[in-house]
Amino acid sequence: MDEKSQKTIADSIKNFTLPSYKEIPNVGLYLEQTVKYLNEYLEPLGDVTITNSMISNYVKKKLIDSPIKKQYSRDQIVILFFIAISKVVLSLEDINKLLSVQADTHNVQESYEYFCSELIDILNKVFSRQKLSEFDSSNEPEEKIMLQNVITAIANKIYLDKYFEML
């Protein structure tokens with residue numbers, strides 16, 4: 001791949017961000033609003049999208065709680081971001097396990113903020129061809145190492161999808 005194509009791939013992710021926990025509306029969003037909100041943020045990732053039926057399926061499979069008065073809360077939206085992004089490399093069964101592990105060790109806000117910062121950092125490194133720094137696992141709990149590996153796999157999968165799309 002030539003330098004111009006590499007720059008195009010890197011630029012496609014350059015402005016990607018996820019909202020901070022506090023920026024996510026906590027007034028409750030209806031299903032259509034939730035889908036629109038999530039997909040606006042997910043759009044730079046390419047094929048990472050979410051639909052009404054997907055969300056309904058996640059509720060049925062108990063990956064997220066049922067909406068209250070047909071409205072999704074901030075914590076549910078956070079989990080939907082995680083599911084939508086993680087499903088590029090994990091099965092729903094594995095996502096459910098990972099959510100359970102995270103819920104046992106951290107609250108939703110802490111988990112989401114860590115996920116966001118690591119995802120942005122690793123995406124930027126992968127897309128700009130920087131070497132991923134060695135993850136010092138000597139003092140880290142196993143669930144953090146597992147999440148780090150999931151995020152790395154996500155970043156690499158998104159990069160590969162964009163690369164093959166350019167060919």
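In table form, for the structure just shown:
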item: Pairs where the first residue, in segment 50-79, is without any contact (Cβ under 8 Å) to a residue 12 or more places away in the chain and the second is part of a loop (DSSP other than H, G, I, E, B) and among the small types (Gly, Ala, Ser), C-beta under 7 Å, 6+ apart; result: Val59/Ser66
item: Within segment 46-68, tally of residues that are in contact with a Gly (Cβ under 9 Å, 6 or more places away or on another chain) and either modelled with pLDDT under 95 or among the β-branched types (Val, Ile, Thr) (or both); result: 1
item: Residue list for segment 12-43, filter: at pLDDT below 95, within 20 Å of Lys125 (Cα to Cα) and surrounded by 16 or more Cβ atoms within 10 Å (Cβ to Cβ); result: Ser12, Ile13, Phe16
item: Restricting segment 105-120 to residues that are of a type in the set (Asp, Glu) and in contact (Cβ under 8 Å) with a residue 12 or more places away in the chain, the residue that is surrounded by the fewest Cβ atoms within 10 Å (Cβ to Cβ); result: Glu113
item: Of all residues making up segment 44-100, the number that are of a type in the set (Gly, Ala, Ser), assigned to a helix (DSSP H, G or I) and within 18 Å of Tyr112 (Cβ to Cβ); result: 3
item: Test: residue in segment 37-59 that is of a type in the set (Phe, Trp, Tyr), more than 22 Å from Ala103 (Cα to Cα) and out of contact with any Pro (no Cβ under 6 Å at 6 or more places or on another chain); result: yes
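The values are calculated or read from the model by the stated rules, or taken from the named source; none is laboratory data. All values derive from a computational prediction rather than experimental measurement. Cβ atoms come from the backbone with ideal geometry, glycine included; neighbour counts cover every protein chain shown.
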